[in-house]
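Notes follow the structure.
The values are calculated or read from the model by the stated rules, or taken from the named source; none is laboratory data. Everything numeric here is computed off the predicted structure, so don't read it as measured data. Positions of Cβ are generated from backbone atoms using ideal geometry, with glycine treated the same way; all protein chains shown enter the neighbour counts.
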Amino acid sequence: MGPTGAGKTTLVNKLSNANFKVGYGLESETQHIQTAQCHINGQQVLLIDTPGFDDTDKSDTDILNLIATHLANSYRAGCRLTGILYLHRITDNRVGGVSYKNMKIFEKLCGDSAMASVILCTTMWGQVPEHVGAQRERELAANFWRNMIAKGATMRRVLDSQESATQIVSSLVSLRRPVTLAVQSEIVDQGKSVLDTAAGRDLNREKEEARLRMEAEIERARQEAQRQMEEEQRRIQAQLEQQRLAHEAQLAREAEQRRIEEANRQAEMTRLQQHLATVQAQVHHHRRRNRGPCVVQ
Ligand SMILES: Nc1nc2c(ncn2[C@@H]2O[C@H](COP(=O)(O)OP(=O)(O)O)[C@@H](O)[C@H]2O)c(=O)[nH]1
Ligand SMILES: [Mg+2]
């Protein structure tokens with residue numbers, strides 16, 4: 001088990017003659033449970049390959065149903081697991097949401113009593129400098145895998161060789177110790193539905209938390225958009241008010257200008273009328289005194 005792209009199918013192909021499709025792009029290739037046989041230490045081994053809880057097409061609930069139903073059916077039919085491998089890419093420089101979710105559901109699917117048959121495998125060692133991988137390995141052991149290791153799980157590096165993969169599976173086969181996973185006894189012995197198992201409840205809680213996180217995120221985005229809209233409205237209103245005041249001031253200046261021009265015109269008219277009256281009076285006066293030609297000055 002493990003997230004998409006961790007190398008689960010590659011490992012199964014390496015150990016068996018199976019030629020299952022591996023992922024080269026971003027989409028997951030394994031969408032169903034697939035099994036392959038191989039021989040290790042003279043023993044026939046059935047390898048079970050599962051999709052991760054981050055499939056591109058199937059929901060986490062679908063994947064859980066798929067895995068839990070398969071495990072329950074084989075348990076009901078009397079088959080017992082020998083061991084469980086969890087694969088994690090050592091190239092991941094952080095344990096992101098998808099990785100974390102896969103680890104948590106895996107832990108719940110197995111249950112504490114199965115942990116002694118769990119091997120936590122790290123893959124893709126050829127892709128990172130050894131000391132970087134070793135540091136990440138220590139962090140996984142001290143943090144994310146601490147609980148599983150405390151309950152008996154072990155850690156192993158899967159190197160590129162077939163020998164490395166064989167050694168890991170061989171260490172489980174040689175235990176000759178059948179193991180029952182929590183999810184198997186919960187469904188078959190206790191009659192629980194898949195969603196009522198510890199893994200199912202965990203997944204539901206995870207989904208509920210994701211839903212609440214998403215809702216909070218949407219609400220934050222809505223409030224931010226509202227705030228920006230109000231700010232923009234205030235900015236535009238202030239701009240319009242400024243334009244209105246400038247326009248009014250301009251109109252007032254123009255009115256004042258017109259008033260001054262009108263006053264000047266009136267004054268000029270008055271002056272001209274007075275001048276005309278003076279001239280007329282002079283003409284009249286000359287005509288009366290001289291009855292001769294009049295000179296206007
Ligand atoms: N370098 C390197 N690449 C790997 C290793 N394991 C898997 N891959 C590559 O990782 C990609 C995903 O592998 P796949 O087996 O489909 O992952 P799954 O989704 O866990 O089944 C493929 O391109 C593989 O060739 C490994 O140990 N080293
Ligand atoms: Mg696969």
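Could you please find all residues in the range 97-136 being under 18 Å from ALA72 (Cα atoms), under 27 Å from the mean Cα position of the chain (by Cα) and in contact (Cβ under 8 Å) with a residue 60 or more places away in the chain?
Those that are under 18 Å from ALA72 (Cα atoms), under 27 Å from the mean Cα position of the chain (by Cα) and in contact (Cβ under 8 Å) with a residue 60 or more places away in the chain: ILE105, PHE106, LYS108, LEU109.
Give me the pairs: first residue in the range 151-174 and touching a residue at least 12 places away in the same chain (Cβ under 8 Å), second residue aromatic (Phe, Trp, Tyr) and within 16 Å of ligand 1 (Cβ to nearest atom), beta-carbon distance under 7 Å, and six or more apart or on different chains, which are they?
Hits for this filter: ARG157/TRP125; LEU159/TRP125.
Please enumerate the residues belonging to the range 1-20 that are part of a loop (DSSP other than H, G, I, E, B), out of contact with any strand residue (DSSP E or B) (no Cβ under 8 Å at 6 or more places or on another chain) and more than 8 Å from ligand 2 (Cβ to nearest atom).
Selection gives ASN19 alone.
For LEU47, which of the numbered conditions (1) part of a strand (DSSP E or B); (2) more than 16 Å from ligand 1 (Cβ to nearest atom) fails to hold?
(2)
Of everything in the range 173-214 that's touching a strand residue (DSSP E or B) at 6+ places or on another chain (Cβ under 9 Å) and modelled with pLDDT of 95 or more, which residue is surrounded by the fewest Cβ atoms within 10 Å (Cβ to Cβ)?
Result: PRO178.
Listed residues LEU85, LEU71; which is within 16 Å of ligand 2 (Cβ to nearest atom) and at pLDDT 90 or above?
LEU85
In the list GLY52, GLY23, GLY78, which residue meets the criterion of being among the small types (Gly, Ala, Ser), surrounded by fewer than 20 Cβ atoms within 10 Å (Cβ to Cβ), assigned to a loop (DSSP other than H, G, I, E, B) and near ligand 1 (Cβ under 10 Å from one of its atoms)?
GLY23
Can you go through LEU172, LEU140, LEU159 and tell me which one is in the same structural domain as TYR75 (by TED's automatic domain parsing) and not in a helix (DSSP H, G or I)?
Result: LEU159 is the single residue among LEU172, LEU140, LEU159 that is in the same structural domain as TYR75 (by TED's automatic domain parsing) and not in a helix (DSSP H, G or I).
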